[in-house]
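Take a look at the structure below.
The values are calculated or read from the model by the stated rules, or taken from the named source; none is laboratory data. Being a predicted model, the structure only gives us computed values, none of them experimental. Methodologically, a virtual Cβ is constructed for each residue, glycine included, from the backbone with ideal geometry; neighbour enumeration extends over all protein chains shown. Ligands, DNA and RNA are stripped out before the accessible areas are found, and what is left, the full protein with its side chains, is counted by its heavy atoms. Shrake-Rupley method; radii C 1.70, N 1.55, O 1.52, S 1.80 Å.
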Amino acid sequence: MLQLSRSPESKAAALEATRSAALDQINAITDAARRMFITPIAGQEMIYLNKAQEAKTYLSLPEEPGDLSSFPFIAGEIGTTGATAKEVATVFAMRGAAWSKLGAMMEHLRVEALAAIKEATKAEAISQTIADYVEDLGELS
């Protein structure tokens, strides 16, 4: 009986292809999870960062300013996000803090998963890492 066996190079190439696809899959899963919390339109992340920065600056002032020209995001949401500039700034700050905490946890899990995939020596370990990552992300929400 003829028995064929794959070369070490062939096995390594197959594992590398699995690894590459898994890294892409982890990033796609992360993107989908983040979209549950962040509006996925171009530039929105910058808007959120600007709002958080405005809120931090505004709330650190010793007294409320009479002129909101330095706080365009806060000024633009008075009456919708909050009744006053301070209420809007507080909401922005709370949202920023909540995202920082959740985002940091998600990023920690993502970086760990990517590292585990890069170090894996078997396709089964890569598959298990993806499954564990999905489960861990599910526990965050």
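Going through (1) under 19 Å from residue 45 (Cβ atoms); (2) over 18 Å from the mean Cα position of the chain (by Cα) one by one, residue 71 falls short only on (1). Could you tell me whether any residue of segment 84-98 is aliphatic (A, V, I, L, M) and closer than 21 Å to residue 110 by Cβ? Scanning segment 84-98, I find at least one residue that is aliphatic (A, V, I, L, M) and closer than 21 Å to residue 110 by Cβ, so the answer is yes. Screening segment 20-32 for residues that are of a type outside the set (A, V, I, L, M) and touching a residue at least 40 places away in the same chain (Cβ under 8 Å) and picking the one that is surrounded by the fewest Cβ atoms within 10 Å (Cβ to Cβ) gives 27. Figure legend. Inter-residue proximity from segment 127-139: first residues in contact (Cβ under 8 Å) with a residue 24 or more places away in the chain, second residues outside any helix (DSSP H, G or I), beta-carbon distance below 7 Å, spacing 6+ or different chains. Indicated pairs: 129/120.
Counting only helices (runs of 4 or more DSSP H) that sit completely within segment 7-80, those holding 2 or more residues that are more than 25 Å from residue 125 (Cα to Cα) correspond to 44-60, 72-76. Scan segment 113-121 and tell me whether some residue there is among the aliphatic types (A, V, I, L, M), under 15 Å from the mean Cα position of the chain (by Cα) and at pLDDT 95 or above. Checking segment 113-121: at least one residue is among the aliphatic types (A, V, I, L, M), under 15 Å from the mean Cα position of the chain (by Cα) and at pLDDT 95 or above.
Residue count for segment 108-135 under the criterion of being part of a helix (DSSP H, G or I) and either open to solvent by less than 60 Å² (accessible area, probe 1.4 Å) or touching a Lys or Arg at 6+ places or on another chain (Cβ under 9 Å) (or both): the result is 15. Among the residues of segment 33-77, the ones that are open to solvent by 70 Å² or more (accessible area, probe 1.4 Å) and either under 19 Å from residue 104 (Cβ atoms) or among the aliphatic types (A, V, I, L, M) (or both) come to 13 in all.
For segment 82-107, residues that are open to solvent by 40 Å² or more (accessible area, probe 1.4 Å) and closer than 30 Å to residue 131 by Cα total 9.
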